[in-house]
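Every read-out reported here was derived from the displayed coordinates using simple, explicitly stated rules and does not represent laboratory data. Because the structure is predicted, anything quoted here is derived from the model rather than measured. Cβ: placed from backbone, ideal geometry, glycine included. Neighbour counts: every protein chain shown.
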Amino acid sequence: MRILVLGSGAREHAIIRALLSEDADHDITAAPGNAGIAEDVRTVGIDPTDGVIVASYAEKNNIDLVVVGPEAPLVAGVGDAVRQRGIPVFGPGADAAKLEGSKAFAKRIMESAGVPTGRAEVTATVEEASSTLDRFGAPYVVKANGLAAGKGVLVTSDRDAALAHATEWLEHGTVLVEEFLDGREVSLFLLSDGEHVLPLSPAQDYKRLLDGDEGPNTGGMGAYSPVPWLDENFVDEVIETIALPTIRTMAAAQTPFVGLLYCGLIVTDAGPRVIEFNARFGDPETQVVLPRLVTPLSGLLFAAATGGLGGLPRPEFALDVAVTVVLASEGYPAAPVTGRPLLGLDAASAVPEVQVLHAATDVKALSTDATSSWSTETLVATGGRVLSVVALGSTFDEARERAYAAIGSITLEGGQYRSDIAASVAPAAH
Ligand code: AMP
Ligand code: GLY
């Protein structure tokens, strides 16, 4: 299959590695990709958020399937532009991507679908936000309504901090005040063709920057999969009470959801509750879900993109477990320092069962001597989350040891990573 993957993160690198691991001769292009992706497949420097450019490229190059990685192209309508040319695309159109792009829209869909979630109110002024905080009580949950790159949410018991966060984000739009949900967090990905869904394996993300879930929220600092503490009927319950009602409601509203329905859930005593939907694969959860996938990914994505999931068996996963640890630049998430050399990746990849998936990396020519034209190329970090080290193992301890041995051999000045990813993966107490 000729496949075009849009995006440039470790999530897209994981998607590409999963496609390459199939027993098939796919022709894969990434737009724009990164330095690691460029070692694996062809990359093209086109803007992934420009629907006309992406659709024209796909048409000209006889692409059979476009896979949209990040949310920005989806919200910008790239899915619609590609679909209009009759090319299968894994990813919803702009209207359906509002499930991620607008938290207020997502809440309305959940309400009409009867999906279990926390109560929430949209506030437009500081006065409204203030009185809603008092009505809901502590702990306070305050969320920017639009896309905020993982920085829009604050959960705190400090009322002043909650109001300050609301005030800051009210300058950019409306703000949601939400009921606090008490429980453990888990992500479940479901492939959707607009009518049917198929679940992937659950994963646990670590959103806070520092060990012990301290520090600011980030895009995700690590993950593991599967999630042994979940009840065995968890996936079925999410399909019946959350995914199918949502997909049916979206279809009835003439905004069918084709692509990846990411359910961000809190498992409360009363069952799973949605904290957020995303319209694409999660990052870094994808890095631990896809290496365990046994069913060929391309067939699943193509079936979803072409209305063909009905009647297919659920995707199969290896019994191995996977752990990923994210290496971030100094200053992430507030103000990442970029441009610093990244060393030791070969040693990291040489650890058994380890893959190094690139996110914000680039190859730069460094002049080693100002008096000569001789220069050398070096890998540099170009953003906040730089790479994901992924390890498989037969136990979490084994996978963890491998992941940490690998990341320990990578050098990035000021680089930061959590040391407690998958450290306490207790099974469910029955
Ligand atoms: P979100 O961007 O909506 O996923 O929120 C970021 C993080 O804030 C989540 O991963 C949770 O840890 C936390 N969070 C969000 N909403 C709630 C809620 N209603 N109750 C408790 N924690 C929440
Ligand atoms: N890991 C959280 C996300 O992808 O949104």
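Here are a few things to note about the model shown:
- Considering only the chain, percent of DSSP beta bridges that pair antiparallel, nearest 5: 80 percent
- Considering only alpha-carbon pairs that sit under 8 angstrom and 6 or more positions apart, the relative contact order computed for segment 153-278 is 28 percent.
- Flagged links, alpha-carbon separation over 25 Å, of K103/K207; K60/K364; K98/K143; K60/K103: K60/K364; K60/K103
- Alpha-carbon Rg/Rh ratio, for the chain, with Rh computed the Kirkwood way: 0.96
- Ranking G299, V351, A270 by how far each Cα lies toward the positive end of the dipole of the chain (charges on Cβ) leaves G299 at the top.
- Segment H172-D346, length gained on full extension (0.36 nm per residue, minus Cα span): 58.3 nm
- Cα-based shape type of segment 138-263, given that a ≥ b ≥ c are square roots of the gyration tensor eigenvalues and the cut on a/c is 1.5: oblate
- Taking a ≥ b ≥ c as the square roots of the eigenvalues of the Cα gyration tensor, segment 2-60 is oblate, since a/c reaches 1.5 or more and a/b is not larger than b/c.
- For segment 178-188, backbone phi angles converted through the Karplus equation (6.51, -1.76, 1.60; θ = phi - 60°) give residue-by-residue couplings of 10, 5, 6, 10, 9, x, 8, 9, 8, 10, 10 Hz, Gly and Pro being listed as x.
- Sites E179 and A252, calculated FRET efficiency, Cβ-Cβ separation with R0 25 Å, nearest 0.05: 0.40
- Classification of segment 229-291 by its C-alpha gyration tensor yields an oblate form. The axis ratio a/c (a ≥ b ≥ c) is 1.5 or more, and b/c is at least a/b.
- Residues within the reach of a label modelled at A423 (point 7 angstrom out along Cα to beta-carbon, backbone nitrogen below 17 Å), restricted to segment 375-411, are 396-408.
- Projected label distance in nm at D158 and E214, using a 7 Å step from Cα toward the beta-carbon: 1.4 nm
- When all alpha carbon pairs of segment 214-351 are counted in 5 Å bins from zero, the resulting P(r) reads 2, 7, 12, 18, 19, 16, 10, 8, 5, 2, 0 %.
- Ranked list, fewest to most other Cβ atoms within 10 Å of each Cβ, for R11, R85: R85, R11
- Alpha-carbon centroids, segment 374-422 and segment 84-111: separation in whole Å: 33 Å
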